[in-house]
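Asker: I'd like to ask you about the structure that follows.
The values are calculated or read from the model by the stated rules, or taken from the named source; none is laboratory data. These figures come from a predicted structure and were not determined experimentally. No Cβ is skipped: glycine too gets one built from the backbone with ideal geometry, and neighbour counts run over all protein chains shown. Note: accessible area is taken over every heavy atom of the protein model, side chains too, but ligands, DNA and RNA are not part of it. Shrake-Rupley method; radii C 1.70, N 1.55, O 1.52, S 1.80 Å.
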Amino acid sequence: MSASTEGNARAAGYTPHPYVGGRTAALRALAAWRMRWPGAPRVIVLTGNPGSGSSRLLTGFLMMCDPEYRKQLPIDDLDPATVPPDLPAPAVPSAAGRTAAQVLWLLADHFELAAGRTEDVFAELAARDEPVTIVVPDVDQAGPVRAAEEATRVVREVLTPLAATETVQLLADMPRELATELAGALPASQVQVIDLDAPEWADPKGLVLHAETALDAGSGAPELPYTTDPAARRALAEALAARAAGSRLTVQLAVQSLLMQPEGFDPADASQLPTSVGEALDLHARRLGADPQTLRLMLAPLAFAEGDGLPVQLLGTLANAVAGRDMSQDLADGMLLAAPFIQPVEPSSEDDDEGTREDGTGEEAEAGAGAGAGARRTLLRLMHPALAEEIRSGLPDVRDTQTRIAMALLEEVPQQDWAQADPYIRDHLAAHTLEAGLLPQLLTDPGLFAHADPVTLRAAIEAVPLEQLGAPARTYLRTAPLLTRSQAPATLRAAFLESAFVEDGLAPYAEALHTRGFRLPWRTLWSVPLAGVRAVTTGSVAAAGEDGTAVSRSVAALLVPEGTPGSRTLPAAADGTAAGEDAGAVNGDGAAAAGGRTALLLHDLRAPEYVDADPSQVVQPSEEDRAAAPLGFSRGADYLRVWARADRRMVAALVSDSPVTDADLSPDGVLVVATERGVTARQILVAAPPAAPSVPAQRTGTTDADASHGLEGDHS
């Protein structure tokens, strides 16, 4: 198959694909791959220069692969060799905006795999009796943070192992250098690279058709001599295609430019037809009597925009920052100038929800209503990523420009209160500071940690070498998987981080979260990194007061391995159990380990200090005391819920990043939890009931009758 098949298809009278408008050779190769034609490769990698139309080709092919959508296409009029068989739609986990892990777990969910680890996904796919078909588009747009180079991780951590799995039939669209890397990891007989700019796959006639269709007044173009006269339209389309060097994006921008502003355009003057994306920008500006550099400066903020796009209200601020001067008049006068290159975007549902009560209980309403919060916002982005690369490449210092953008965004945070900041600033400031080389300096505010989208912030922080990160950022990094997998709102993220800071000895950062306007469900009192704690209970022990009189001191009794510093070994009773267990010195599974003995370690219930006292003197609350307490709790393998006994209303939801060994709740509301990491005590603050995080199917362990299901693995 080669470009010569384009002419053969047209000679046979076949209708071009209504969306692709050509690319017969490539469509034939993709159709052969889909039907597993003898000799067809198992893996196809689609690539080309930015703007070559690979995304459009893949979209057009997927239209024919979807049983419902193909009913809307003139399938019977198309070249039969370009039409894939009518099979169930393939799995299509788009990489756009997603991390490598997210792409992989999208696949796991699609195929309903029971995998709990990354390697299990590939193993389960390899064990399948029937092959699976997977199409991964937009690898070049992977990741929530552009500078983090997530596309490389997607190829190396997801696509290369998938391609090596014999039961997987893979098609992916990616930049040329990554396509070469992926293809080089496979036997030549199993992989084919379709480079749309290579002579054997090029489609110059299809490019002419693309331009001719865009110019057609019958397709919505304004009535002009070269849009209504077929001969003039064909001549202009051929001239545009000849100048564009195979770039569909260049043709598209040129057509949009002249149709939006036809004055001053002479179709007979070839010098007015662009040969590249950059020339399309500059020719448009000159034709409208504007300075090309001014147009580029107007568009520069969008060339650096992260996520779905830049809120329109930030465009002027960032344009001023990039240009180093007031651009307000240029922007006011220049919307027609910029219009062919800008695309409005509907904000995602997540953006819309940012301005609402984050915890679902109405407790962060006005406090969290930042700029644009609670209302539909207008986002802007450039028409194509290649436009962004062109504009960025024309700037003298990209890092300096990002620094200016980051500083301007930071100044837009009211009183440095992240609850009032525009959602774009909260979620994407880290991405801008990453490319500016300033991210470690930003990572000192616990309020930002709590308010920022954890997927985006985690991706930015992971792109920084660990040795460059300060202690708060390292704490955030180890907590981020918990924040993403629990899908916790801002209040609960703040609560999890508050405990993590105490666990890591960063008490001032934990305390700061109590001053940032959050109504946290608890205050973490202390945390000790004890390994091997098998059970915990709360109680009291007699101790000497400052005046020498006996006082009752609340303690947490921890069942620990014998020899733990500060502990006292429990003497063995005649029946082999630890003495004092039947009297309730510890709750739960407090029996001595087989072949060994256990000990009790006493810790003050509210203060970060151990207590030197006789464990046999520990008095636990009676069953009557516990029943009369206002709070109760239930737990699963890695989570706990605290609820009010009066109305069964949940007042706190705790998710752990390691399995819960044991837990106890004192009558006055101190929750002591032992995990594989250590033991932490939290004072439950009943006045601020948080929303529960989403709790999918339980992973392991046994729950009590009141407990809900635990959390699945980290699929973030």
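Asker: Spelling out what I want: for every residue of region 108-115, take phi, set θ = phi - 60°, compute 6.51 cos²θ - 1.76 cosθ + 1.60 (Karplus), and round to whole Hz; glycine and proline get x.
Answerer: 4, 5, 4, 8, 6, 7, 8, 4
Asker: Specify whether the C-alpha gyration tensor of the chain places it in the rounded, prolate or oblate class, a ≥ b ≥ c being the square roots of the eigenvalues: rounded for a/c under 1.5, otherwise prolate if a/b is larger than b/c and oblate if not.
Answerer: The shape class here is prolate.
Asker: Another question, then. With point charges of +1 on the Cβ of Lys and Arg and -1 on the Cβ of Asp and Glu, referenced to the Cα centre of the chain, which listed residue (ALA89, THR598, TYR14) lies farthest in the positive direction of the dipole?
Answerer: Farthest towards the positive end: TYR14.
Asker: Pop the C-beta distance of ASP612 and ASP109 into the FRET formula with R0 = 56 Å and round what comes out to the nearest 0.05.
Answerer: 0.60
Asker: Further question on the same structure: Per-residue counts of other Cβ atoms within 10 Å, averaged by peptide: what ranking do you get for 483-490, 331-338, 445-452, highest first? It would help to have the intermediate numbers written out before the result.
Answerer: Numbers: 483-490: 22.2, 331-338: 15.6, 445-452: 24.5.
The most tightly packed comes first, giving 445-452, 483-490, 331-338.
Asker: Using a 1.4 angstrom probe on the protein heavy atoms only, could you order ASP308, ASP79 from most to least accessible area?
Answerer: ASP308, ASP79
Asker: Also, quick follow-up: Report the charge-dipole magnitude of the chain in Debye, nearest 20, computed about the Cα centre from +1 at each Lys and Arg Cβ and -1 at each Asp and Glu Cβ.
Answerer: Approximately 840 debye in magnitude.
Asker: A follow-up question, please. Please list 140-147, 514-521 highest first by mean number of surrounding beta-carbon atoms within 10 Å per residue.
Answerer: Sorting 140-147, 514-521 by mean packing, highest first, produces 140-147, 514-521.
Asker: Give me the number: length gained by fully extending THR167 to MET63, i.e. 0.36 nm times residue separation minus the C-alpha to C-alpha distance, one decimal in nm.
Answerer: Full-extension gain reported as 35.1 nm.
Asker: Okay, next question. Kindly state, to the nearest 0.05, the FRET efficiency for SER94 paired with ASP625, given R0 = 56 Å and r defined as their beta-carbon distance.
Answerer: Using R0 = 56 Å, I get an efficiency of 0.50.
Asker: For region 1-123, calculate the relative contact order in percent as a whole number, restricting contacts to Cα pairs under 8 Å that are 6 or more residues apart. Show your work: numbers first, answer last.
Answerer: Working: 105 pairs, mean separation 29.3, N = 123.
After rounding, I find 24 percent.
Asker: What percent do you get for the relative contact order of the chain when only Cα pairs under 8 Å and 6+ apart count?
Answerer: It comes to 9 percent, rounded to a whole number.
Asker: For LEU525, what residues show an amide H to amide H distance below 5 Å, using hydrogens built from the backbone and excluding near sequence neighbours?
Answerer: ALA681, ARG682, GLN683
Asker: Same structure, new question: Among PRO440, ILE134, VAL560, pick out the residue whose Cα is farthest towards the positive end of the charge dipole of the chain, where Lys and Arg carry +1 and Asp and Glu carry -1 on C-beta, about the Cα centre.
Answerer: Sorting the options by dipole projection puts first ILE134.
Asker: Continuing with this model, one more query. Among ALA198, GLN487, THR317, which residue has its Cα positioned farthest towards the positive end of the charge dipole of the chain, with +1 placed on the Cβ of Lys and Arg, -1 on the Cβ of Asp and Glu, and the dipole taken about the Cα centre?
Answerer: ALA198
Asker: Viscosity 1.002 mPa s, temperature 20 °C: Stokes-Einstein D of region 448-552 from its Kirkwood Cα radius, in µm² per second?
Answerer: The diffusion coefficient I find is 135 µm²/s.
Asker: Okay, moving on. For ASP197, enumerate residues with amide H under 5 Å from its amide H, sequence gap 5+ or separate chain, H modeled in the peptide plane.
Answerer: Residues meeting the criterion, in which the H sits 1.01 Å from N, are ASN49.
Asker: Measure nothing fancy, just the Cα-based angle from helix 230-243's long axis to the longest principal axis of the chain, in degrees from 0 to 90, nearest 10.
Answerer: 60
Asker: In addition: Mind ranking 51-60, 289-298 by how tightly packed they are, going by the mean number of other C-beta atoms within 10 angstrom, highest first?
Answerer: Ranking, from highest mean packing down: 51-60, 289-298.
Asker: Return the calculated 222 nm mean residue ellipticity for the chain, to the nearest 500 deg cm²/dmol, obtained by summing -39500 (n - 2.57) across DSSP H runs with n ≥ 4 and dividing by the residue count.
Answerer: Rounded to the nearest 500, it is -10500 deg cm²/dmol.
Asker: For region 153-305, what D do you get in µm² per second when you plug the Kirkwood radius from alpha-carbon pairs into Stokes-Einstein at 25 °C and 0.890 mPa s? Each step should come with its number before you reach the end.
Answerer: On the way: Rh = 18.1 Å.
Approximately 135 µm²/s, per Stokes-Einstein.
Asker: Another question, if that's okay. Give me the angle, in degrees from 0 to 90, between the Cα long axis of helix 248-260 and the longest principal axis of the Cα atoms of the chain, rounded to the nearest 10.
Answerer: Tilt relative to the chain: about 70 degrees.
Asker: Kindly report, to the nearest 10 Å², the accessible surface of GLU623 as traced by a 1.4 Å probe over protein heavy atoms only.
Answerer: 130
Asker: For GLU546 and THR228, compute 0.36 nm times the residue count separating them, minus their Cα-Cα distance, and round to one decimal in nm.
Answerer: The span from GLU546 to THR228 would gain 104.6 nm if fully extended.
Asker: Here is a further query. Say each of GLU149 and GLU462 gets a label point 7 Å from the Cα, pointing the same way as Cα to Cβ; how far apart are those two points in nm?
Answerer: Roughly 1.5 nm, to one decimal.
Asker: Ignoring ligands, DNA and RNA, how do ASP109, ASP173, ASP216 rank by accessible area with a 1.4 Å probe, largest first?
Answerer: Result of the area sort, largest leading: ASP109, ASP216, ASP173.
Asker: Something else about it: Using amide H atoms built 1.01 Å from N in the peptide plane, name the residues 5+ places from ILE44, or on other chains, whose amide H lies under 5 Å from its own.
Answerer: Under 5 Å from the amide H of ILE44 lie the amide H atoms of LEU170, LEU171, ALA172, GLN192, each far enough along the sequence or on another chain.
Asker: Round to the nearest 10 and give me the degree value, 0 to 90, for the angle of helix 24-34's Cα axis relative to the longest principal axis of the chain.
Answerer: Result, in degrees: 40.
Asker: Next question. For region 116-207, rounded, prolate or oblate, judged on the Cα gyration tensor with a ≥ b ≥ c (square roots of eigenvalues), a/c < 1.5 rounded, else prolate if a/b > b/c?
Answerer: Oblate, since a/c reaches 1.5 and b/c is not below a/b.
Asker: Along region 206-218, what does the Karplus equation 6.51 cos²θ - 1.76 cosθ + 1.60 (θ = phi - 60°) give for ³J(HN,Hα), rounded to whole Hz, x for Gly and Pro?
Answerer: Along region 206-218, the couplings run x, 5, 4, 4, 4, 5, 5, 5, 5, 7, 5, 4, x Hz.
Asker: Indicate the gyration tensor shape class of region 62-170 (rounded, prolate or oblate), computed on the Cα atoms with a ≥ b ≥ c the square roots of the eigenvalues: a/c under 1.5 is rounded; otherwise a/b larger than b/c is prolate and the rest oblate.
Answerer: Values: a/c = 2.38, a/b = 1.45, b/c = 1.64.
Cα axes put region 62-170 in the oblate bin.
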